[in-house]
Amino acid sequence: MDNRSSLPTKHKLKKTLNTKHVKRVLSSSMSLILPEMLTWINPPKTLIPFSSITTNPSSSPLPICSISPKPTKTFLKSLHLSTQPTLSTTDCGLKFREKILYLQELNINPTKVLQLNPHLRSATLDTIKSVEICLFSMGIERSAIGRILDMHPQLLTSDPYIDLYPIFDFLLNDVVIPFHDIRKSIIRCPRILVCSVEEQLKPTFEFLKEFGFVGQNRITCQTTVLLVSSVELTLNPKIDYMLSLGFKRDDVVNMVLRSPGLLTFSIEKNFRPKVEYFMKEMNGDIGELKKFPQYFSFSLERKIKPRHRLLVEHGFSLSLSEMLKVSDGEFNARLIEMRLRLVEDKQL
């Protein structure tokens, strides 16, 4: 068989390599360098030593030309640098740019999420988009999806069928959150999407049911935030602290069921300073906290202290609920009314 018949045509080789060096070689006609180049670019399973290729005119079917039969190292290096790596780098750059633009469309900070999730660099755009599709299918709008992904960048490279849909299945079938409330659950607590169902969500859910979150007090979209709390590190310590204040177990249960946010407050930043102010500055009775556990949900500096000081300044007193449940306008109106009444009583 004629060796030349098995060689690529000039047109195909140009299209494959597309380099200036190869074009010059091809323009000089077929030479003995061609078999070596083909072996180097697309090596066969069994490599043939270059020394086995004869340059004897009598034994070679290929025409001899003045080009050296053995490519120089400089030539091979330049050929290597000018072919596929350049195309691959350009291609990767375009795909990376597409990912950056996509993140910006979602109002996600690319710099921040790339630092927090390095795997995002190698993830495909389709992988990232599949996460958005998953969240959108659960009723979450695009603007909220952007905020969620910016808050938890690890979600950008998650597998929806392994990492996300099991969480939605748990909320729908185990916690029995209605589908139209799933969005509210996620918006209120995006962190739930990065929790393990088996290691975090289920154990906490079982604990909360035993505590009393059943029936009319069952977990809803308003209280799914409790599911991300650790039983050992978060829930039990807060329950123990309330018991240490002198409340009975049943009192603590009733307080938490009436105000579930109690289990989300910090002991050091919320409970302790507010209890101290209530007991020392307000001379309060611990029983009043049992009646109005919502006291802990109000800001100590912005609401509790200013209102209490105004009452003390004018010699008035109100229950915790009367002092805190009303708006600033209503509180001021009530304070004026109490002062007018006091003046009327003095005139009488």
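The values are calculated or read from the model by the stated rules, or taken from the named source; none is laboratory data. Keep in mind that what you see is a predicted model, and the values were worked out from it rather than measured. Ideal geometry is used to build each Cβ from the backbone, glycine not excepted, and the neighbour counts take in all protein chains shown. Quick note on the areas: whole protein, heavy atoms, side chains included, nothing else; ligands and nucleic acids left out. Shrake-Rupley method; radii C 1.70, N 1.55, O 1.52, S 1.80 Å.
Filter region 280-289 down to residues that are aliphatic (A, V, I, L, M) and within 18 Å of K303 (Cβ to Cβ), then give me how many there are.
Applying the first criterion (aliphatic (A, V, I, L, M)) to region 280-289 yields 282, 286, 289.
Of the ones still in play, those that are also within 18 Å of K303 (Cβ to Cβ) are 282, 289.
The number of residues fulfilling the criteria is 2.
Only one of these conditions is not met by I177: (1) more than 21 Å from K290 (Cβ to Cβ); (2) open to solvent by 30 Å² or more (accessible area, probe 1.4 Å); (3) not in a helix (DSSP H, G or I). Which number is it?
All conditions pass for I177, except number (2).
Given (1) part of a helix (DSSP H, G or I); (2) out of contact with any Gly (no Cβ under 6 Å at 6 or more places or on another chain); (3) open to solvent by less than 70 Å² (accessible area, probe 1.4 Å), where does D240 come up short, assuming only one miss?
(3) is the only condition that D240 fails.
What tally of residues in region 109-144 results from selecting those that are among the aliphatic types (A, V, I, L, M) and more than 25 Å from P166 (Cα to Cα)? Walk me through it before giving the result.
First, pick out the residues of region 109-144 that are among the aliphatic types (A, V, I, L, M): 113-114, 116, 120, 123, 125, 128, 131, 133, 135, 138, 140, 144.
Still in the list and also more than 25 Å from P166 (Cα to Cα): 114.
Residues in region 109-144 being among the aliphatic types (A, V, I, L, M) and more than 25 Å from P166 (Cα to Cα): 1 in total.
Please name all residue pairs, on different chains or six or more residues apart, with Cβ atoms under 8 Å, provided the first residue is in region 116-129 and is free of Cβ contacts under 8 Å to residues at least 40 places away in the same chain and the second residue is open to solvent by 80 Å² or more (accessible area, probe 1.4 Å) and of a type in the set (K, R).
T124/K95; L125/K95
Among the residues that make up region 123-139, is at least one of them farther than 25 Å from C221 by Cα, out of contact with any Cys (no Cβ under 7 Å at 6 or more places or on another chain), open to solvent by less than 50 Å² (accessible area, probe 1.4 Å) and outside any helix (DSSP H, G or I)?
yes
May I ask you to list the residues in region 316-334 that are among the small types (G, A, S) and either surrounded by 15 or more Cβ atoms within 10 Å (Cβ to Cβ) or more than 22 Å from D285 (Cβ to Cβ) (or both)? Outline the logic, then answer.
Filtering region 316-334 for residues among the small types (G, A, S) gives 317, 319, 321, 327, 329, 333.
Matches in region 316-334: S327, G329, A333.
Take the residues of region 93-129 that are among the charged types (D, E, K, R) and under 14 Å from the mean Cα position of the chain (by Cα): which is nearest to R147 (Cα to Cα)?
Here is the first cut: in region 93-129, the ones among the charged types (D, E, K, R) are 95, 97-99, 105, 112, 121, 126, 129.
Right, trim to under 14 Å from the mean Cα position of the chain (by Cα) and you get 112, 129.
Working: K112: 13, K129: 15 Å.
Here the answer is K112.
Filter region 273-294 down to the residues that are free of Cβ contacts under 8 Å to residues at least 12 places away in the same chain and within 21 Å of D240 (Cβ to Cβ) and list them by number.
E276, M279, G287
Among the residues that make up region 285-306, is at least one of them in contact with a His (Cβ under 8 Å, 6 or more places away or on another chain), of a type outside the set (D, E, K, R) and either open to solvent by less than 60 Å² (accessible area, probe 1.4 Å) or over 30 Å from N236 (Cα atoms) (or both)? Spell out how you get there, then give the answer.
Our first condition is that a residue be in contact with a His (Cβ under 8 Å, 6 or more places away or on another chain); within region 285-306, this holds for none.
There is no residue in region 285-306 that is in contact with a His (Cβ under 8 Å, 6 or more places away or on another chain), of a type outside the set (D, E, K, R) and either open to solvent by less than 60 Å² (accessible area, probe 1.4 Å) or over 30 Å from N236 (Cα atoms) (or both).
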